[in-house]
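Asks: This is the structure, below, for whatever I ask next.
The values are calculated or read from the model by the stated rules, or taken from the named source; none is laboratory data. All values reported here derive from a predicted model rather than from experimental measurement. Reconstructed Cβ throughout: ideal geometry from the backbone, glycine too, with neighbour counts over all protein chains shown. Note: areas computed on protein heavy atoms with side chains; ligands, DNA, RNA excluded. Shrake-Rupley method; radii C 1.70, N 1.55, O 1.52, S 1.80 Å.
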Amino acid sequence: CGAADYKHRVSQSGFERPIDAGTRYCAVLGHPVRHSASPAMQNAGIARLGLNWRYLAFDVRPEELRTALAGARSMQFVGLNLTVPHKLLALEMMDVLDESAKTWGAVNTVRFEGRDRSGAWRPLYEFEETPPEKVRMHGFNTDADAIVRALREDLQVELEGARVVILGAGGAGRVAALRLAAENVSELFLVNRTLSKAGSVAAEIRRRHLNVKVQLGYPRGEVDLAINATSLGLLPDDPLPVDGRQFSLRQAHAVFDMIYRPAETALMRSARAGGSRVANGLGMLLYQGVKALEIWTGRPAPVDVMREALQRNVYGS
Ligand code: ATR
């Protein structure tokens with residue numbers, strides 16, 4: 001009765017099982033990583049599922065990424081999330097790439113898989129007693145779909161036919177631009193401090209999506225959506241990521257900031273004051289994490305529990 005009773009209590013209250021020799025691990029690797037809300041969110045989801053797992057966070061420098069991946073593999077980690085600056089680097093380090101990682105050109109989720117006696121690759125957590133001899137890294141991207149889901153749920157944006165300005169053409173801006181093009185937005189305006197990066201994203205979209213108009217620089221007139229995919233806003237003294245002489249936030253019906261800490265950036269405050277609908281990046285973080293947990297467990301993730309844990313972590317309530 002003990003185990004069943006315990007499982008029931010865990011699923012009711014969501015408290016964690018104690019760590020023991022059978023505990024399995026997942027982690028986020030980033031540099032820096034201290035700000036990450038992923039451990040709070042994922043451990044809440046893991047507890048609700050009644051799994052004897054823990055989700056950790058490690059600050060790993062890019063030059064150590066390969067070694068860190070190999071270490072996690074040797075220690076039978078179940079899976080990893082990768083965040084800045086690892087998502088592009090990891091593409092080359094995976095043994096196999098899911099379609100999502102190939103399509104969006106970045107890896108934010110790794111599932112470790114072992115080869116069973118029949119030669120089939122199965123998620124590593126399924127090997128409870130003896131670790132398999134061969135373990136491979138399977139790379140996925142769960143960020144791209146999470147952007148679209150968060151935009152729909154938090155801002156009620158109709159993406160098909162929309163005019164959208166994207167600020168930033170680094171890793172996050174590139175995935176956002178490619179993913180929105182796949183939603184058949186009508187026009188994309190790409191803005192970035194380093195123009196050449198926006199240029200190469202634009203070229204890629206023109207190659208893949210003939211029906212989407214892509215331009216570099218700010219739009220004239222109104223847009224349905226503006227997205228901040230730069231890192232400006234993370235620090236209190238950062239300037240706004242938009243050039244107010246070229247673009248007024250009043251031109252944007254909705255403004256999405258990928259930043260979630262602070263929970264309200266100066267960009268969001270200005271946009272709200274100007275009458276735009278606004279949302280931070282919490283929904284995006286939530287949905288990429290939900291999908292990652294589902295990839296690792298093969299089970300539906302407890303979205304509400306994970307959302308509450310995130311909100312407690314970020315808003316303190
Ligand atoms: P991520 O994976 O989060 O996108 P990244 O690839 O390092 O991280 O991209 C950071 C983005 O923020 C880039 O668009 C970057 O502009 P550059 O491509 O010109 O570097 C933008 N960014 C960072 N600091 C900035 C600053 N001080 N002014 C303007 N843009 C900045």
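Asks: Can you give me the number of residues within the stretch 111-137 that are assigned to a strand (DSSP E or B), open to solvent by less than 70 Å² (accessible area, probe 1.4 Å) and touching a Gly at 6+ places or on another chain (Cβ under 9 Å)?
Replies: Counting residues in the stretch 111-137 that are assigned to a strand (DSSP E or B), open to solvent by less than 70 Å² (accessible area, probe 1.4 Å) and touching a Gly at 6+ places or on another chain (Cβ under 9 Å) gives 5.
Asks: Report, by residue number, each residue of the stretch 78-97 that is away from the ligand (no atom under 16 Å from the Cβ) and either over 14 Å from VAL28 (Cα atoms) or not in a loop (DSSP other than H, G, I, E, B) (or both). If you could, list the steps in order and put the result at the bottom.
Replies: Step one: list which residues in the stretch 78-97 are away from the ligand (no atom under 16 Å from the Cβ), which gives 78-80, 92-97.
If the condition is that a residue be away from the ligand (no atom under 16 Å from the Cβ) and either over 14 Å from VAL28 (Cα atoms) or not in a loop (DSSP other than H, G, I, E, B) (or both), then GLY79, LEU80, GLU92, MET93, MET94, ASP95, VAL96, LEU97 are the ones that fit.
Asks: Read through the list (1) modelled with pLDDT of 95 or more; (2) touching a helix residue (DSSP H, G or I) at 6+ places or on another chain (Cβ under 9 Å), then give the number of the only condition that LEU195 fails.
Replies: (2)
Asks: Also: Which one is surrounded by the most Cβ atoms within 10 Å (Cβ to Cβ), of the residues in the stretch 177-213 that are near the ligand (Cβ under 8 Å from one of its atoms) and among the charged types (D, E, K, R)?
Replies: Across the stretch 177-213, the extreme among qualifying residues is LYS197.
Asks: How many residues, within the stretch 233-272, are assigned to a loop (DSSP other than H, G, I, E, B) and in contact with a Leu (Cβ under 7 Å, 6 or more places away or on another chain)?
Replies: The number of residues fulfilling the criteria is 8.
Asks: Now for a different question. Between a residue in the stretch 235-253 that is under 17 Å from ALA263 (Cα atoms) and any residue that is in a strand (DSSP E or B), which pairs come within a Cβ distance under 6 Å, given they are 6 or more apart or on different chains?
Replies: PRO241/LEU167; PRO241/ASN228
Asks: Oh, and also: Among the residues in the stretch 243-256, are any open to solvent by 20 Å² or more (accessible area, probe 1.4 Å) and under 23 Å from the mean Cα position of the chain (by Cα)?
Replies: no
Asks: Right, here's the next one. Could you tell me whether any residue of the stretch 163-176 is in a helix (DSSP H, G or I), in contact with a Leu (Cβ under 9 Å, 6 or more places away or on another chain), basic (Lys, Arg) and away from the ligand (no atom under 14 Å from the Cβ)?
Replies: no
Asks: Here is a further query. What are the pairs, 6+ residues apart or on separate chains, where a residue within the stretch 30-47 that is β-branched (Val, Ile, Thr) has its Cβ under 6 Å from a residue that is open to solvent by 10 Å² or more (accessible area, probe 1.4 Å)?
Replies: Qualifying pairs under 6 Å: VAL33/ALA57; VAL33/ASP59; ILE46/TRP53.
Asks: Here's something else I'd like to know. What residue, among those in the stretch 264-317 that are modelled with pLDDT under 95 and open to solvent by 70 Å² or more (accessible area, probe 1.4 Å), is farthest from LEU249 (Cα to Cα)?
Replies: This residue is SER317.
Asks: Sticking with this structure for a sec: Working only within the stretch 55-77, note down all residues that are surrounded by 13 or more Cβ atoms within 10 Å (Cβ to Cβ), over 22 Å from the mean Cα position of the chain (by Cα) and not in a helix (DSSP H, G or I).
Replies: Of everything in the stretch 55-77, just one residue is surrounded by 13 or more Cβ atoms within 10 Å (Cβ to Cβ), over 22 Å from the mean Cα position of the chain (by Cα) and not in a helix (DSSP H, G or I), namely GLN76.
Asks: Moving on. So which residues in the stretch 214-231 are within 14 Å of the ligand (Cβ to nearest atom), part of a strand (DSSP E or B) and open to solvent by 50 Å² or more (accessible area, probe 1.4 Å)?
Replies: LEU216
Asks: In the list ASN108, ASN81, which residue meets the criterion of being touching a residue at least 24 places away in the same chain (Cβ under 8 Å), open to solvent by less than 60 Å² (accessible area, probe 1.4 Å) and closer than 20 Å to GLU126 by Cα?
Replies: Exactly one of ASN108, ASN81 is touching a residue at least 24 places away in the same chain (Cβ under 8 Å), open to solvent by less than 60 Å² (accessible area, probe 1.4 Å) and closer than 20 Å to GLU126 by Cα, namely ASN81.
Asks: Answer yes or no: is there a residue in the stretch 151-162 that is farther than 17 Å from VAL223 by Cβ, within 22 Å of the chain's Cα centre (by Cα) and within 16 Å of the ligand (Cβ to nearest atom).
Replies: no
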